[in-house]
Every structure is written in structure tokens, then in C-alpha cells.
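Some notes on the structure that comes next.
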Amino acid sequence: MAARLIDGKAIAAEIRREVRLDVAAMDAQTGVVPCLAAILIGNDPASATYVQNKARACKEVGITSVRIDLPADLPEALLLQEIARLNSDPAVHAILVQLPLPPHISEKRVLETILPEKDVDGFHPANLGGLLVGKPLFVASTPLGILELLNRSNVGIEGKHAVIVGWSVVVGKPTAFLLLQHHATVTICHIKTRDLAAHTRQADILVVAAGKPGLVTGSMVKEGAVVIDVGVNRLIDGRVVGDVDFPRVAEKASLITPVPGGVGPMTVAMLLRNTVDACRRIRDAGCSQGAAGDYIG
Ligand code: NAD
């Protein structure tokens with residue numbers, strides 16, 4: 001079987017179009033435009049590029065974005081103060097802190113300081129825990145993007161066996177819980193899993209997020225499986241590849257995401273969607289005049 005491509009670029013463009021219409025309608029009805037504040041600490045070029053791409057995507061759909069550049073040696077307390085300021089700023093509906101952080105700053109404390117109602121990355125423990133009980137305010141953009149790719153490709157999830165390779169907090173675990181919520185039977189594999197192939201071969205839906213190029217080979221995939229490759233690996237020859245041996249796996253899968261052009265574009269698109277949801281929720285709760293800061297988390 002030759003797999004059909006799941007075109008993440010096209011699906012992400014469709015979502016951005018929908019978000020643009022939503023933002024325009026909000027503006028027309030209420031005069032409020034969603035605003036995302038992005039904090040960038042230090043001079044890491046990759047982080048700067050990610051923040052720049054997010055700002056560009058915001059602009060394209062009419063979302064206001066504010067970039068806050070802070071020095072790499074900033075004391076943690078000042079960063080937490082800056083987040084607290086944004087938490088109580090009624091003009092800011094969404095906050096993200098670009099990771100990774102300098103080693104002297106606690107990622108845990110930073111993520112816990114962002115108001116859950118403005119935590120569009122979905123990394124606050126209240127939002128991660130919310131996923132466990134089925135009611136998060138926000139789910140991280142990459143897992144949300146994976147779900148959207150499956151839905152918009154008409155892949156039924158209920159009753160399917162989904163195997164997730166990787167159990168990180170940003171991708172593997174939230175993806176597993178999202179699919180579980182949609183009534184998949186879920187297996188989570190990781191670096192200590194024995195006989196990975198025995199698990200992946202059972203997958204109707206295989207999500208690979210390990211950061212290991214070529215980890216999943218053709219013989220590890222069931223005929224007709226749907227394969228979502230989350231991995232982004234830059235090889236020494238400059239090529240960017242996923243975690244899946246694409247040509248071999250595509251011979252067996254029914255649907256497969258390419259890298260690049262699969263999950264990647266969805267991550268930013270879902271961040272935009274989360275930002276609009278944040279704005280709408282804060283507005284509907286009557287918090288946009290400053291009461292958002294009253295949240296006790
Ligand atoms: P991570 O390093 O935090 O986690 C990797 C996971 O893979 C771990 O749980 C580990 O146990 C598992 N793993 C590693 N080697 C394995 C092996 N040989 N067998 C089984 N499991 C193994 O990484 P992450 O942040 O979850 O990211 C994973 C990949 O996804 C990376 O390539 C990253 O760049 C990519 N990523 C892409 C996007 C996107 O938007 N496309 C977003 C986030 C992450």
C-alpha cells in the first residue's frame with residue numbers, strides 16, 4: 001500500500017484562515033482583538049526564530065503580539081515579576097515563555113507562575129492536570145495539532161489502538177491523554193520500553209515523538225496504519241527529517257505525515273487558535289477588565 005500524505009501545511013493554512021475570520025468577527029462585535037505576549041530570554045538564535053515565526057503568524061491573522069526580550073542573566077525573581085505583570089494586564093490574553101530557559105531559572109516555577117487562563121502553551125500544571133480529568137483550559141499546541149490532523153483527515157479514533165513513542169510533557173503524554181479522551185486504546189512507549197517493534201506493529205495510529213531519526217522502520221509498522229511523525233531532526237548534511245524511515249514506512253501506512261510539512265505547521269496554527277480561545281474565555285468571564293489576576297491557582 002502506498003500511503004496518502006497528510007498535508008499539515010495545507011491543514012494549518014485552513015486553520016489560520018478560520019482563525020483570521022474569528023479574530024475579525026470578534027473585533028467587529030466587541031472591539032477586542034486577542035493579544036499574545038511572548039517572552040524571550042537570552043540570545044539563542046533558534047528560540048529567537050521560533051518567537052519571530054509566532055509573531056509573524058499572529059500578524060497574518062490579526063492577533064496582536066507583544067515580544068518581551070530579556071537578558072540571559074536576568075534574575076529569576078525579575079522574570080516572575082514580569083509574568084505577574086502580564087497576568088494582571090487586561091490587554092494581554094495569552095502568555096508564552098519561549099523554552100529552553102537559562103540554567104539558573106527554574107522552568108517549573110516559571111510555568112507555574114503563568115495564569116492558567118493565559119497559558120496558551122498548556123504547560124501549567126493546572127492545564128496538564130485538567131487533561132487528566134478531561135477539562136483543561138488549554139492543551140499544548142503540538143498534541144492539539146496532531147488531533148486536528150487526524151480529525152481533518154477523517155481518521156476515526158474511537159476503538160483504535162494508538163501507540164505513542166515518547167512520553168514528554170510537551171508531546172507524548174498530552175497526546176496519549178487526548179487520544180484516550182477520544183476513546184482510543186493507548187500504549188505509551190519510551191526509551192526503556194522492551195521490544196519497541198512489538199508495540200508499534202500493533203498500532204492502528206502510530207505517533208512517534210522521540211527525536212531519533214530512523215527510529216521507526218518499515219518492518220515496525222502494521223499494513224494500513226496511520227503514522228504521525230512528530231520528530232524534527234537536522235542531519236549533518238543539513239536535511240531535516242522525522243523519526244520515521246519515511247520511504248519504507250510510507251509503503252505500508254495508509255496515511256502519513258511528512259517532515260517537514262506535517263505536524264510542524266500545525267503547532268503554530270493551534271497556538272493561534274488557543275490565543276483566540278483565551279481572549280474569548282477571558283472576555284466571556286468578564287475578566288478582561290482586570291479580574292483575570294484574581295485567579296487562585
Ligand atoms: P524529549 O526528548 O523530551 O522526549 C523524547 C521521548 O522519546 C522520551 O520520552 C524518550 O523516552 C523517548 N525515546 C527516545 N529514544 C527512544 C527510543 N530509542 N525508543 C523509544 N523511545 C525513545 O522530546 P520531545 O520534546 O517530546 O520532542 C520529540 C521530538 O519531537 C523531537 O524531535 C522534537 O524536535 C520534536 N517536536 C516537534 C514539534 C513540532 O511542532 N513538530 C514540537 C515538539 C517537539
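Summary table
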| quantity | calculated |
| --- | --- |
| Qualifying residue in segment 104-119 (condition: within 16 Å of the ligand (Cβ to nearest atom), closer than 28 Å to I6 by Cβ and buried (at least 18 other Cβ atoms within 10 Å of the Cβ)) | no |
| Scope segment 169-180; condition in a loop (DSSP other than H, G, I, E, B) and either surrounded by 16 or more Cβ atoms within 10 Å (Cβ to Cβ) or more than 8 Å from the ligand (Cβ to nearest atom) (or both); matching residues | V170, V171 |
| Selected residue (criterion: farthest from K54 (Cα to Cα)) from residues of segment 1-18 that are touching a helix residue (DSSP H, G or I) at 6+ places or on another chain (Cβ under 6 Å) and not in a helix (DSSP H, G or I) | A3 |
| So D204, is it within 11 Å of the ligand (Cβ to nearest atom), more than 12 Å from the chain's Cα centre (by Cα) and either in contact (Cβ under 8 Å) with a residue 60 or more places away in the chain or within 23 Å of G224 (Cβ to Cβ) (or both) | no |
| Tally, over segment 232-260, of residues that are away from the ligand (no atom under 16 Å from the Cβ) and aliphatic (A, V, I, L, M) | 3 |
| Qualifying helices (runs of 4 or more DSSP H) (wholly inside segment 181-297; at least 3 residues being over 28 Å from G159 (Cβ atoms)) | 263-284 |
| Scope segment 218-234; condition loosely packed, with under 14 Cβ neighbours inside 10 Å and over 23 Å from the mean Cα position of the chain (by Cα); matching residues | S219, E223, G224 |
| Check on L149, surrounded by 20 or more Cβ atoms within 10 Å (Cβ to Cβ), within 14 Å of the ligand (Cβ to nearest atom) and under 24 Å from D121 (Cα atoms) | yes |
| Boolean, I41 is within 21 Å of V110 (Cβ to Cβ) and surrounded by 15 or more Cβ atoms within 10 Å (Cβ to Cβ) | yes |
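FYI, it's all coordinate maths here, none of it is from the lab. Because the structure is predicted, anything quoted here is derived from the model rather than measured. Neighbour counts run over all protein chains shown; Cβ positions are idealised from the backbone, glycine included.
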